[in-house]
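**Q** Below is a structure I'd like to ask you about.
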Amino acid sequence: MTKLETSIRKIVVFGPQGSGKGTQAEFLSKELNIPWISTGNIYRQNIKAQTELGKLANQYIIEGKLVPDQVTNRLVAERLKEKDAQAGFILEGYPRNRGQAETLDQMTQISAVLEIAISDEEAIRRISGRRVCTCGMTFHIDFNPPKQEGICDQCGKKLFQREDDQEETIRQRLAIYHQNTEPLLKEYLKRGILIRVNGEQGISEVKKEIFQKMDENNFSKK
Ligand code: AP5
């Protein structure tokens, strides 16, 4: 295998809340046949299962704060060691600050960083219409509705609104993104691995732009 073939498969997805990170990460994961690893989803699964990790994470998540780095770093390190992640992964929601970015660099070499850009106003508009499922699927009541109202297309369970999707909490999460996460992109730009896409288009247009830019950068889909 060439260096590109082995490295392409380690993709990180960045973007403000509601930019469509989860929506696009899921498409990429299916197209490239590599796992979608979302720290937010892992925390939510643990909250649902009422594990110790879930109880701890929930205290931070409902207030729109970051879960402490040592907890998240350990979680990601363990997940990246799993068998299915050895051929690559779509990592979404991590890293979110300098400490996490440095820790990720020690774990592995990232090959591409995707930034989905949207304004804060658009983020708030989208998040207020978001509906999610415990299986990880995400919908929007207007922009990406499920086939049957309130029911997940994938597993048939009832959709719900996330507890942290309240306007005040969203503003707090956006502030953390601008202060701690966004500055990390400069480093990835310097490394020549940053791919920026306009997130303020329809879901399929964003998807198209992602694959076009990956191709332009010699990142093959296969
Ligand atoms: P996480 O779940 O990662 O939440 P987030 O970063 O706040 O991002 P969102 O899930 O809100 O947005 P998204 O960009 O994925 O948008 P989506 O695709 O759903 O994290 C939750 C919490 O966990 C954090 O606040 C933190 O406490 C903790 N945590 C997670 N990672 C951590 C870390 N590394 N360190 C510490 N703590 C961590 O789309 C949004 C809506 O818009 C949907 O309804 C969708 O259908 C719709 N939509 C998507 N694209 C479009 C489009 N192009 N046009 C119209 N609608 C669209």
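**Q** Which of the residues spanning region 140-153 are within 29 Å of residue 10 (Cα to Cα) and at pLDDT 95 or above?
**A** Once the filter is applied, which keeps residues that are within 29 Å of residue 10 (Cα to Cα) and at pLDDT 95 or above, region 140-153 yields 152, 153.
**Q** Could you grab me the full set of residues in region 108-121 that are surrounded by 16 or more Cβ atoms within 10 Å (Cβ to Cβ), more than 17 Å from residue 27 (Cα to Cα) and within 13 Å of the ligand (Cβ to nearest atom)?
**A** Once the filter is applied, which keeps residues that are surrounded by 16 or more Cβ atoms within 10 Å (Cβ to Cβ), more than 17 Å from residue 27 (Cα to Cα) and within 13 Å of the ligand (Cβ to nearest atom), region 108-121 yields 117, 118, 120.
**Q** While we're looking at this one, here's another question. Restrict the check to region 91-102 and report whether at least one residue is of a type outside the set (S, T, N, Q), touching a Phe, Trp or Tyr at 6+ places or on another chain (Cβ under 8 Å), more than 9 Å from the ligand (Cβ to nearest atom) and closer than 21 Å to residue 21 by Cβ.
**A** Within region 91-102, none of the residues are of a type outside the set (S, T, N, Q), touching a Phe, Trp or Tyr at 6+ places or on another chain (Cβ under 8 Å), more than 9 Å from the ligand (Cβ to nearest atom) and closer than 21 Å to residue 21 by Cβ.
**Q** Starting from region 172-195, keep only residues that are among the polar types (S, T, N, Q), then list their pairs with residues that are at pLDDT below 95 whose Cβ atoms are within a distance under 7 Å, requiring at least 6 positions of separation or different chains.
**A** Going by the 7 Å Cβ cut-off, the qualifying pairs are 172/64.
**Q** Filter region 183-217 down to the residues that are at pLDDT below 90 and more than 11 Å from residue 112 (Cα to Cα) and list them by number.
**A** If the condition is that a residue be at pLDDT below 90 and more than 11 Å from residue 112 (Cα to Cα), then 215, 216 are the ones that fit.
**Q** Something else about it: Can you give me the ranges of the helices (runs of 4 or more DSSP H) entirely in region 109-214 with at least 3 residues that are within 30 Å of residue 86 (Cα to Cα) and not hydrophobic (A, V, I, L, M, F, W, C)?
**A** Output list reads 185-191.
**Q** What number of residues within region 159-176 are within 8 Å of the ligand (Cβ to nearest atom) and touching a strand residue (DSSP E or B) at 6+ places or on another chain (Cβ under 9 Å)?
**A** 2
**Q** Okay, next question. Got a sec? Which of 80, 56 is touching a Pro at 6+ places or on another chain (Cβ under 9 Å) and surrounded by fewer than 20 Cβ atoms within 10 Å (Cβ to Cβ)?
**A** Just a single option satisfies the conditions, and that option is 56.
**Q** Moving on. Does region 25-54 hold any residues that are over 20 Å from residue 80 (Cα atoms) and either of a type outside the set (D, E, K, R) or more than 14 Å from the ligand (Cβ to nearest atom) (or both), and which are they? Spell out how you get there, then give the answer.
**A** To start, the set of residues in region 25-54 that are over 20 Å from residue 80 (Cα atoms) comprises 47-52.
Residues satisfying the conditions are 47, 49, 50, 51, 52.
The values are calculated or read from the model by the stated rules, or taken from the named source; none is laboratory data. Quick caveat, the model's predicted, so the values are computed rather than measured. Note: ideal-geometry Cβ built from the backbone for every residue, glycine included; neighbour counts use all protein chains shown.
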